[in-house]
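The values are calculated or read from the model by the stated rules, or taken from the named source; none is laboratory data. Fair warning: this is a prediction, and the values are worked out from it, not measured in the lab. Cβ coordinates were reconstructed from backbone atoms using ideal geometry, including for glycine residues, and neighbour counts include every protein chain displayed.
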Amino acid sequence: MDVLQKVEVEYETFPGWKADTSANYIRFIENDIGVPIKWVGVGKSRECMIQMF
């Protein structure tokens, strides 16, 4: 638990959530974690998936 006391939070600010900014947000996450994002779920069903590639 000593490790958690040393954690420092970094915040990023983005503009409001709109279609053009959502892609920028997803690209930011890709760059931050170093893994490409291919699909984004936006609802409960399989039809509620956005293909990113």
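A Cβ distance below 7 Å, combined with a sequence gap of six or more or placement on separate chains, defines the contacts here; from the stretch 17-32, residues that are among the β-branched types (Val, Ile, Thr) reach residues that are modelled with pLDDT of 75 or more in the pairs Thr21/Phe14; Thr21/Pro15; Ile26/Ile37; Ile26/Val40; Ile26/Met52; Ile29/Ile37.
If the condition is being among the polar types (S, T, N, Q), more than 12 Å from the chain's Cα centre (by Cα) and in a helix (DSSP H, G or I), then the stretch 1-52 contributes only Gln5.
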